[in-house]
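> Okay, handing you the structure first.
The values are calculated or read from the model by the stated rules, or taken from the named source; none is laboratory data. In this text the structure is predicted, and so the values were computed from the model without any measurement. Neighbour counts run over all protein chains shown; Cβ positions are idealised from the backbone, glycine included. Accessible surface is based on the protein model in full, side chains and every heavy atom, while ligands, DNA and RNA are left aside. Shrake-Rupley method; radii C 1.70, N 1.55, O 1.52, S 1.80 Å.
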Amino acid sequence: MNWRVWYVFFLLNGVNCIDCPQLYVPIDSENVCIYMSSRAVALSEMEAYCESEANGGKPFNRRFSDEGIRELGKNLKMSVESLFPPEVYIGITREKDSMNQPTKNFVFANGQGKVHEDDYPLWTREPSVQDCGSVTYRKDFKVNPFTCTDSAVFLCEKNEFPCEYNTLPFVEYHQKCLSIFPRKDNYMTAESICGQMGAHLFPYKSYDDSDSVGAAIYSSITFDGGIYAGLRKNELGQWKYESGEEETKRWDPEDELHQDCGVYGFLKNLSIGMFTMSCDDKLRLLCEFKKEGLQERNIHIKSNWILRK
């Protein structure tokens, strides 16, 4: 994940923030600088990863304050919106009649029926000649009419649980097993690629599924479903951070806590909460840089600084 975009955001807005080393970003309420791993890492390799790839950091394995976790969520969303393509194919395409002419109906993927274009509740605007649909975070996860020959990343779904990694990291997002394929392709190619993985383009029929779609978009590419929180279940069934603190209240209410590692992920309201994943999985993680007496400073951007970057 490219944190330079996040860092430049602070510079451009003249924000008071902790003076962090390069690649790190500030969580002001914690007086700490945080770096999120650019790849999933085996938990046994955390220390070595933060030391080598995060320029002398160490794993952040303690509980965030309430304000700290709000800052983390805000900044993760901001970074995703700066980097992530705004259009994501879903499984909906215009029906054609026996003469191969377009009709007013749209067909959902995976045999999930069809709907008249006037009755589909998720359009951002009325489709005219467009023959596909793409969901966008810019319009509250509603669907833009989209041309099937145009390229976009795409949202695949598997109808299987437990939801498991495959070629893509399929993750359960609020009872939907989803993953986003990060390469842009047209609709027919996207449909084929999902099929090769035993999946299909997600048939987005109702705004009731916007929680799952939103969590997948904000999580799937940037941190593979969850960021390790330094939290594990002990032999007594208690969830303890490596710093010794216990977690009791931040869990997603739909998570049955069957697995053994706690991770940060997006709740239905797209704030950050806690979920469980297997400690045997490779997970994204947070590294920290903290020294005594970190001073806040007001960063004023200069045009020649931007040119140098």
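> For HIS200, HIS116, give the ranking by accessible area with the largest first, probe 1.4 Å.
On the way: HIS200 30, HIS116 65 Å².
The ordering from most to least exposed comes out as HIS116, HIS200.
> What pairs in LYS77/LYS240; LYS74/LYS233; LYS77/LYS176; LYS142/LYS176 have C-alpha atoms more than 23 Å from each other?
Working: LYS77/LYS240 27 Å; LYS74/LYS233 27 Å; LYS77/LYS176 21 Å; LYS142/LYS176 17 Å.
Too far apart for the 23 Å limit: LYS77/LYS240; LYS74/LYS233.
> Among the complete DSSP H segments of the chain, which ones combine at least 15 Å of alpha-carbon extent along their axis with a mean Kyte-Doolittle hydropathy of -0.5 or more? Intermediate results must be reported in sequence, preceding the final value.
On the way: long enough: 66-83 (26 Å, -0.57); 210-223 (19 Å, 0.75).
What comes out of the filter, once short or polar helices are dropped, is 210-223.
> With every protein chain left in place and a probe of 1.4 Å, what is the accessible surface of PHE161, to the nearest 10 Å²?
Probe radius 1.4 Å; accessible area of PHE161 about 120 Å².
> Here's something else I'd like to know. Could you compute how much accessible surface LEU231 exposes when probed at 1.4 Å, giving the result in Å² to the nearest 10?
The accessible area of LEU231 comes to roughly 0 Å².
> Find how much the distance from ALA48 to LYS184 grows on full extension, using 0.36 nm per residue of separation minus their present alpha carbon separation; answer in nm with one decimal.
Values: separation 136, 0.36 × 136 = 48.96 nm, distance 3.39 nm.
Working it through step by step, the gained length comes to 45.6 nm.
> Identify the trypsin sites (Lys or Arg not before Pro) of the range 235-294 meeting these criteria: DSSP loop state and at most 10 other C-beta atoms within 10 Å of the C-beta.
Details: sites: LYS240, LYS249, ARG250, LYS268, LYS282, ARG284, LYS290, LYS291; in loops: LYS249, ARG250, LYS268, LYS282, LYS290, LYS291.
Here the sparse-neighbourhood loop sites are LYS249, LYS291.
> Right, something else. Taking all protein chains as present, what is the carbon and sulfur share of the accessible area of the chain, in % to the nearest whole number, probe 1.4 Å?
The C+S portion of the solvent-accessible surface of the chain is 46 percent.
> Identify which of GLY111, GLY230, GLY262 has the largest mean-square fluctuation in a Gaussian network model of the chain, with springs joining Cα atoms closer than 10 Å.
Among GLY111, GLY230, GLY262, the largest GNM mean-square fluctuation belongs to GLY111.
> With every protein chain in place, what's the accessible area of MET188 (1.4 Å probe, Å², nearest 10)?
150 Å²
> From the protein chains alone at 1.4 Å, what is the descending order of accessible area for SER134, SER65, SER44, largest first?
Numbers: SER134 0, SER65 45, SER44 110 Å².
Descending order: SER44, SER65, SER134.
> Now for a separate question. Report the residue, chosen from ASN110, ASN100, ASN186, that carries the largest GNM mean-square fluctuation when the chain is represented by alpha-carbon nodes joined by springs under 10 Å.
Looking only at ASN110, ASN100, ASN186, the biggest GNM fluctuation is shown by ASN100.
> Among THR93, THR147, THR103, which one shows the biggest mean-square fluctuation in a GNM of the chain, springs joining Cα atoms closer than 10 Å?
It is THR103.
> Counting helices only, and only those DSSP H runs with n ≥ 4, report the 222 nm mean residue ellipticity of the chain as the sum of -39,500 (n - 2.57) divided by its residues, in deg cm²/dmol to the nearest 500. The partial results should precede the final answer.
Working: 6 runs with 64 residues, N = 309.
My calculation for the chain gives -6000 deg cm²/dmol from helical runs alone.
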